[in-house]
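The values are calculated or read from the model by the stated rules, or taken from the named source; none is laboratory data. Bear in mind the structure is a predicted one, so any value in this text is a computation, not a measurement. Every residue, glycine as well, gets a Cβ built from its backbone with ideal geometry; the counts of neighbours run over all protein chains shown. Only protein heavy atoms, including side chains, enter the accessible area calculation; ligands, DNA and RNA are left aside. Shrake-Rupley method; radii C 1.70, N 1.55, O 1.52, S 1.80 Å.
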Amino acid sequence: MDYKSTLNLPKTDFPMKADLANKEPVMVKKWDDEKLYHKLLDLHKKDKKFILHDGPPYANGHVHLGTALNKIIKDFVVKSRAMMGNYTPYVPGWDCHGMPIEHQVMKNLGPKAKETSLTDIRHKCREYANKFFAIQRDEFKRLGCLGEWENPYMTMSFQYESSILGALADLVKDGYVTRGLRPIHWCATCKTALAEAEVEYGDHSSPSIYVKFKLEGAKPFGDRAFFVIWTTTPWTIPANLAIAVHPDLEYVGLKVAGETLIVAEPLVEAVKTSWGISEAEVVKKISGKKLEGLETKHPLINRSSVIILADFVTTDTGTGCVHIAPGHGAEDFQIGMKYGIPVLNPVDAAGNYTKEVAITSLEGMNIFKANPVVVDLLSKEGALIKSEAVSHSYPHCWRCKQPLIFRATEQWFLSIDHNGLRKRALSEIDGIKWIPTWGHDRIYNMVETRPDWCLSRQRYWGVPIPAVDCKKCGETTLDQKIIAKLRDESLKHGCDIWFEWDIEKFLPEGFKCPCGSKEFVKHTDILDVWFDSSVSQRAVLEEGHKLGWPCDLYFEGVDQHRGWFQVSLLTSVANRGAAPYKAVLTHGLILDEQQKKMSKSLGNVVATEEVISKFGADVLRLLFASVDYTSDISFSKKMLELTGEAYRKIRNTTKYLLSNVSDFDPDKDAVKDEHLTEIDRWALHRLQMLTQKIRSCYETYEFHMVYHALNEFCTVAMSAFYLDILKDRLYCEKKDGVLRRSAQTVVWKILDSILRLTAPVLSFTSEEAWGYAPNYKGKAETAVLSTLPKVEERYLNEELAARWEAFINIRGEATKILERARKDKIIGNSLEAALVFECTDDLKKFIESFGSDLPDLFIVSQVKFGKVSGDYTLASEDIEGLKVGVVKSGGTKCSRCWKYATDVGAEPAHPEACGRCAGVVSA
């Protein structure tokens with residue numbers, strides 16, 4: 001008889017070959033057509049709201065892996081929170097103004113850029129941003145992310161631009177915005193000011209020089225005495241106007257080659273080593289505070305440099321005599337203001353010396369190219385003691401990657417200490433939940449020490465700062481009413497009108513300058529693009545999409561402690577008196593295999609499209625779920641391949657589960673709890689523990705723990721144990737018998753739970769498998785429209801779990817010796833074996849308590865107790881008093897179940913079947 005046809009063999013159309021690259025786009029279109037996101041919202045519209053506010057990426061270029069990580073993790077959050085019973089509207093955003101877009105537009109224009117009007121450039125920037133918004137939106141959707149893709153927020157929308165101007169008007173009204181001449185980070189390549197958040201630090205080689213300034217007038221150190229300064233910016237020497245010393249340090253004169261070189265006493269040995277001097281007589285020692293007011297001669301220009309006192313002078317490096325150029329340093333500027341020293345800035349916007357440099361040979365020269373020239377001039381004047389190249393951390397432009405300079409210019413600033421803003425922001429930081437916790441100290445320290453925020457930029461593409469200059473006296477005014485007028489009109493026409501309309505349309509009736517003039521010209525400075533994104537909490541949470549303020553969560557990369565997290569905090573505290581978020585979660589950066597940050601300039605960027613076209617989005621989603629995303633991620637093709645293998649195991653388990661419930665109707669066939677077998681009840685206990693763990697991990701955003709818990713459950717508890725044991729019951733028992741239905745009941749519960757538990761992560765695969773899973777009353781349309789399973793307390797049984805844990809340990813010992821026998825071809829498969837246990841009475845009693853199920857639990861044909869002998873025995877090193885032996889099983893092989901039994905052929909109608917199988921076939 002052909003017994004194969006009598007078996008309940010696995011059956012499902014769910015394919016093992018995923019073919020994700022082809023299937024996933026079809027699903028994305030289906031979700032769009034069926035409005036899955038809105039169905040999810042409608043399902044939970046009466047539930048508690050949970051708002052993850054999206055930080056806007058730039059609408060520039062294709063989605064890279066770092067942006068993909070960001071959006072995918074956000075999707076995990078939104079879907080898991082929805083499936084836990086929250087109303088989770090998610091409005092994605094785009095940062096549309098600023099240098100990245102303007103740079104590309106100017107690059108595309110090429111030589112025509114100089115002939116193109118400001119308004120035309122702005123229109124082209126808007127077109128460019130719209131183009132890449134559409135591209136990125138489709139790429140994010142392709143990743144399986146749900147959201148308000150047809151109604152996102154864009155910082156260049158008329159509503160958003162109006163909100164930006166509204167926030168600026170409030171800040172001006174409340175006195176936060178000031179204008180002044182200060183040295184700020186300046187990019188000579190981009191020709192604009194930069195805020196702290198736009199500065200990146202990287203290694204840079206600079207000339208390190210020691211320079212002599214000859215003491216003139218009063219000579220407390222005698223004739224031919226020189227103050228020695230140290231700097232790594234020789235180009236700033238022409239702008240030197242003073243030398244700072246510390247009032248509490250002692251300064252000494254070192255006699256070297258007939259000259260007296262003045263340095264701080266604690267640095268004497270260091271400078272002697274640096275200068276290669278073994279002996280130098282100390283001829284004089286004077287307290288720093290007594291040096292105030294002395295004058296030195298500038299080594300290159302016919303003017304004096306005065307000695308002043310400053311507490312910021314340190315003895316970490318240098319000479320203890322600090323070169324002061326008020327036009328090129330924040331501390332230099334501040335101390336210069338204190339002493340009434342003028343601000344000299346002989347450098348133009350392009351980083352070239354102006355006539356103010358007062359050295360003819362340097363006029364028009366780029367300052368970085370001038371470094372060796374200045375060094376040479378100092379050497380010729382006999383003022384150079386030493387010059388060498390040093391590599392050190394140096395500020396660079398975040399956009400063009402070129403080194404920055406400090407340059408004093410007239411700019412608009414947000415005063416960080418006005419109305420106690422800094423203290424209030426720090427207080428708010430203490431009340432926020434920071435994940436990881438070190439985020440608190442990171443942003444706290446940054447806010448505690450940050451300078452005022454430079455709001456203005458000398459570029460084209462951004463929201464204008466609607467300031468006006470008086471034609472008569474040149475007085476600059478930033479008036480709240482003018483801003484309000486532009487705000488209101490921008491809501492209808494966009495803020496391009498500032499550059500297109502006549503100024504009279506913005507001036508309030510009767511507006512005039514204190515000098516009496518009524519004629520004005522418009523400023524063309526724009527706002528820092530970080531100001532744009534900082535007011536998203538107002539433009540989106542409050543005024544636009546009205547999601548609710550404050551939101552529950554901000555989630556971005558670790559670099560946003562100095563960026564979006566911080567600037568949003570400042571404008572929110574200033575405008576609204578509180579932080580815009582309740583919690584802040586951060587992710588690390590995507591690095592290459594050499595631990596280097598991925599960037600286009602290094603050529604190590606991996607395109608997201610390249611990954612998903614080969615592996616599929618679900619594999620990338622699984623990869624990001626498998627790592628601790630709060631740390632930096634070193635990405636490699638090998639990592640993708642390993643994740644692909646892990647995905648195949650999950651898919652294989654899913655297919656196995658599906659294939660064994662193809663004839664199971666949960667509403668009709670499910671076995672009541674009291675009829676479940678003991679091992680089935682253990683499996684349900686393990687399922688509840690998994691559910692409890694995964695729900696907790698979703699709550700705390702520990703998605704890598706979701707992955708590891710699921711992986712351990714599927715590969716260890718299920719595939720390597722429970723599902724392996726279950727095969728005989730599923731395939732060979734009576735089709736609708738209680739033993740098989742008990743197994744199917746549990747298999748279905750595991751399947752249903754796993755599909756729901758994995759829906760936030762494996763969105764495509766859970767959706768696909770959901771369609772093949774058995775239907776039941778109340779089953780949701782898709783996995784994500786269901787809920788995360790809740791722990792069913794009735795199945796939790798720690799005593800049962802402990803009992804089975806002990807059995808699994810014993811089974812592990814038996815498996816070792818079975819594997820050795822199989823390897824040596826003593827047996828073909830484990831059903832050809834019988835196990836013999838030699839053990840203590842307590843162990844024997846424990847093993848026997850599993851009754852007639854023992855052979856099935858060990859997947860052998862017989863289990864015996866007695867003395868073990870022969871080559872295939874094992875004395876357990878972990879379980880005291882346990883020995884296991886393997887012998888050939890007795891009896892005859894059943895042609896249906898392949899077990900060896902003594903009752904094969906007992907039923908004449910089925911001479912090749914064991915008693916169990918004969919009974920099933922005859923029924």
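What are the ³J(HN,Hα) values, in whole Hz, obtained from phi via the Karplus relation 6.51 cos²θ - 1.76 cosθ + 1.60 with θ = phi - 60°, for each residue of the stretch 447-464 in sequence order, with x given for Gly and Pro?
With coefficients 6.51, -1.76 and 1.60, one gets 5, 4, 10, 5, x, 4, 8, 6, 8, 9, 9, 9, 10, 9, 9, x, 7, x Hz.
On the protein heavy atoms, probe 1.4 angstrom, tell me the percent of accessible surface of the stretch 188-314 carried by carbon and sulfur.
Numbers: 2370 of 5050 Å².
Carbon plus sulfur share of accessible area: 47 percent.
Between residue 715 and residue 138, how high is the FRET efficiency from 1/(1 + (r/R0)^6) when r is the Cβ-Cβ distance and R₀ = 45 Å? Nearest 0.05.
Calculated transfer efficiency: 0.80.
What full-extension length gain, to one decimal in nm, is calculated for residue 700 and residue 158 as 0.36 nm per residue of separation minus the Cα-Cα distance?
191.4 nm
May I ask you to compute the full-extension gain from residue 317 to residue 116, defined as 0.36 nm times their residue separation minus their alpha-carbon distance, rounded to one decimal in nm?
Extra length available between residue 317 and residue 116 comes to 67.4 nm.
Output the relative contact order of the stretch 196-406, whole-number percent, from Cα pairs under 8 angstrom with separation of 6+ residues. Please list the in-between numbers first.
On the way: 448 pairs, mean separation 65.0, N = 211.
It rounds to 31 percent for the stretch 196-406.
Report, in deg cm²/dmol and to the nearest 500, the calculated mean residue ellipticity at 222 nm for the chain, where each DSSP H run with n ≥ 4 adds -39500 (n - 2.57) and the sum is divided by the residue count.
The helix-only estimate for the chain comes to -11500 deg cm²/dmol at 222 nm.
Identify the residues of the stretch 711-753 with backbone N under 13 Å of a label point that sits 7 angstrom from the Cα of residue 776 along the Cα-to-Cβ direction, or state none.
Only 742-753 pass the distance filter.
Normalised by the number of residues in the stretch 424-512, what is the relative contact order in percent for Cα pairs under 8 Å and 6+ residues apart?
18 percent
Counting only heavy atoms of the protein chains, get the accessible area per residue of the stretch 726-812 (1.4 Å probe) and round it to a whole Å² value.
38 Å²
Could you tell me the calculated FRET efficiency between residue 331 and residue 218, based on Cβ-Cβ distance and R0 = 30 angstrom, to the nearest 0.05?
0.70
Given a 1.4 Å probe, how much area per residue of the stretch 573-674 is accessible, in Å²?
44 Å²
Reachable lysines from residue 297, Cα under 18 Å, same-chain residues fewer than 8 places away excluded?
Within the straight-line cut-off, residue 297 pairs with 212, 214, 219, 380.
How much solvent-accessible surface does residue 28 expose, in Å² to the nearest 10, with a 1.4 Å probe and all protein chains in place?
Spelled out: residue 28, probe radius 1.4 Å, area about 20 Å².
Stretch residue 131-residue 546 to full length: gain in nm at 0.36 nm per residue minus the Cα-Cα span?
Going from the current span to full extension adds 146.8 nm.
Mind jotting down a quarter of the surface of the convex hull over the alpha carbons of the chain, in square nanometres, one decimal?
Details: hull surface 203.7 nm².
Quarter of the Cα hull surface area: 50.9 nm².
Bin width 10 Å, alpha-carbon pairs only: give the P(r) of the stretch 71-119 as whole percents, running from 0 to the bin holding the largest distance.
21, 28, 15, 17, 15, 4
Working from Cα positions, state the angle (0 to 90°, nearest 10) between the long axis of helix 421-430 and the longest principal axis of the chain.
Computed tilt is about 20 degrees.
Under 14 Å from a point placed 7 Å out from the Cα of residue 692 along the Cα-to-Cβ direction: which residues of the stretch 785-800 have their backbone N that close?
790-800
So how much accessible area does residue 232 have, in Å² to the nearest 10, using a 1.4 Å probe?
30 Å²
Ignoring GluC sites (Glu not before Pro) that are buried or in helix or strand per DSSP, and keeping those with at most 10 other beta carbon atoms within 10 Å, what is the longest stretch of the chain between them?
510-876
Modelled label-to-label distance, residue 875 and residue 430, 7 Å Cα→beta-carbon offset: nm?
Calculated label separation equals 6.6 nm.
Heavy-atom accessible area of residue 800 with all protein chains present, probe 1.4 Å, nearest 10 Å²?
20 Å²
Where the centre of each part is set by its Cα atoms, how far does the stretch 249-281 sit from the stretch 808-882, in angstrom?
Rounded to whole Å, the Cα centres lie 84 Å apart.
For a Förster distance of 25 Å, can you work out the FRET efficiency between the beta-carbons of residue 853 and residue 802, rounded to the nearest 0.05?
0.85
Let me spell out the model: positive unit charges on the Cβ of Lys and Arg, negative unit charges on the Cβ of Asp and Glu, origin at the Cα centre of the stretch 628-683. What dipole size does that give, in debye rounded to 20?
Its charge dipole is roughly 440 debye.
Would you work out the relative contact order for the stretch 466-524, in percent, from Cα pairs under 8 angstrom that are 6 or more residues apart?
Worked out over the stretch 466-524, it gives 51 percent.
So what's the Cα pair-distance distribution over the stretch 698-800, bin width 5 Å, in %?
Spelled out bin by bin, the stretch 698-800 gives 2, 10, 17, 21, 22, 17, 8, 2, 1, 0 percent.
May I ask you to give the percent of accessible area on the stretch 632-796 that is carbon plus sulfur, with a probe radius of 1.4 Å?
Answer for the stretch 632-796: carbon and sulfur cover 50 percent of the accessible area.
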